[in-house]
Amino acid sequence: MEIRLSGIVEESIVDGKGIRFVVFTQGCPHNCKGCHNPQTHDFKGGYMEDTDKLFEMFQEDPILKGITFSGGEPFMQPKPLTELAKKVHSVRKDVTCYSGFTFEEILNSENEDRVELLKNIDVLIDGKFILEQRNLELSFRGSENQRVIDVKKSLSENKIILVEDIDY
Ligand code: SF4
């Protein structure tokens with residue numbers, strides 16, 4: 001399935017736990033003040049890629065712990081990312097996703113495709129980047145409002161459960 005990207009990083013240690021393949025989607029509606037990636041905002045920018053090709057690239061590297069979806073706003077392209085997340089889980093690797101939407105906004109959006117993507121993610125790092133709450137000491141996130149959420153536990157217990165891990 002086609003997806004609009006701003007870029008990929010084949011091995012990253014700054015976009016979630018472990019060594020990760022990172023897919024940066026193109027297009028973001030949030031306009032956070034102080035955004036580090038303004039070139040990813042334009043929904044007509046970037047380039048088109050195929051999710052099968054991304055999965056092939058992912059599989060070529062056995063040391064990867066998982067994949068990360070970043071942006072841009074991944075939840076603006078939920079269908080191709082859901083497909084990719086399912087493939088990554090089929091080879092027993094994990095899926096982390098960043099979003100400027102909060103967990104609750106996604107769950108209550110009544111957008112079935114977004115909810116389906118949420119269900120196929122292990123760790124969600126949520127919320128807009130808020131310049132006034134920026135903290136350079138946080139691992140894997142930019143501002144203190146952002147949470148590192150254990151999605152499966154949160155969905156099953158019907159409340160937010162944060163990832164309990166020192167690395168986050
Ligand atoms: S959600 Fe991310 S990419 Fe979008 S404006 Fe905010 S910081 Fe930038």
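Quick check, is Lys128 open to solvent by 50 Å² or more (accessible area, probe 1.4 Å) and more than 16 Å from the ligand (Cβ to nearest atom)? Give the steps one after another, and end with the answer.
Details: open to solvent by 50 Å² or more (accessible area, probe 1.4 Å): yes; more than 16 Å from the ligand (Cβ to nearest atom): no.
In short, no.
Taking the stretch 105-129 as the search range and keeping residues that are in contact with a strand residue (DSSP E or B) (Cβ under 9 Å, 6 or more places away or on another chain) and of a type in the set (Asp, Glu), which one is nearest to Gly18 (Cα to Cα)?
Applying the filter and picking the extreme gives Asp122.
Which of the residues belonging to the stretch 28-63 are touching a strand residue (DSSP E or B) at 6+ places or on another chain (Cβ under 6 Å) and closer than 13 Å to Met76 by Cβ?
Thr40, Gly46
Run down Glu73, Glu60 and say which single residue is of a type in the set (Asp, Glu) and open to solvent by less than 10 Å² (accessible area, probe 1.4 Å). Step through it out loud before you land on a result.
On the way: Glu60 fails: open to solvent by less than 10 Å² (accessible area, probe 1.4 Å).
None of the others qualify; the one that does is Glu73.
So, of the residues in the stretch 79-123 that are in a strand (DSSP E or B) and of a type outside the set (A, V, I, L, M), which turns out to be farthest from the ligand (Cβ to nearest atom)? I'd like the intermediate steps shown before the answer.
Keep residues of the stretch 79-123 that are in a strand (DSSP E or B), which gives 94-99, 123.
Of the ones still in play, those that are also of a type outside the set (A, V, I, L, M) are 94, 96-99.
Numbers: Asp94: 21, Thr96: 15, Cys97: 12, Tyr98: 7, Ser99: 7 Å.
Ranking the qualifying residues of the stretch 79-123, first place goes to Asp94.
In the stretch 17-49, what residues are open to solvent by 50 Å² or more (accessible area, probe 1.4 Å) and either assigned to a strand (DSSP E or B) or away from the ligand (no atom under 13 Å from the Cβ) (or both)? Steps first, answer last, please.
First pass over the stretch 17-49, keeping only residues open to solvent by 50 Å² or more (accessible area, probe 1.4 Å): 17, 19, 29, 31, 33, 36-39, 42-44, 46-48.
Once the filter is applied, which keeps residues that are open to solvent by 50 Å² or more (accessible area, probe 1.4 Å) and either assigned to a strand (DSSP E or B) or away from the ligand (no atom under 13 Å from the Cβ) (or both), the stretch 17-49 yields Lys17, Ile19, Lys44, Tyr47, Met48.
The values are calculated or read from the model by the stated rules, or taken from the named source; none is laboratory data. Treat the numbers as computed from the prediction; the structure is a model and nothing was measured. Using ideal geometry, Cβ is built from the backbone for each residue, glycine included, and neighbour counts are taken over all protein chains shown. The area values use the complete protein model at the heavy-atom level, side chains included, leaving out ligands, DNA and RNA. Shrake-Rupley method; radii C 1.70, N 1.55, O 1.52, S 1.80 Å.
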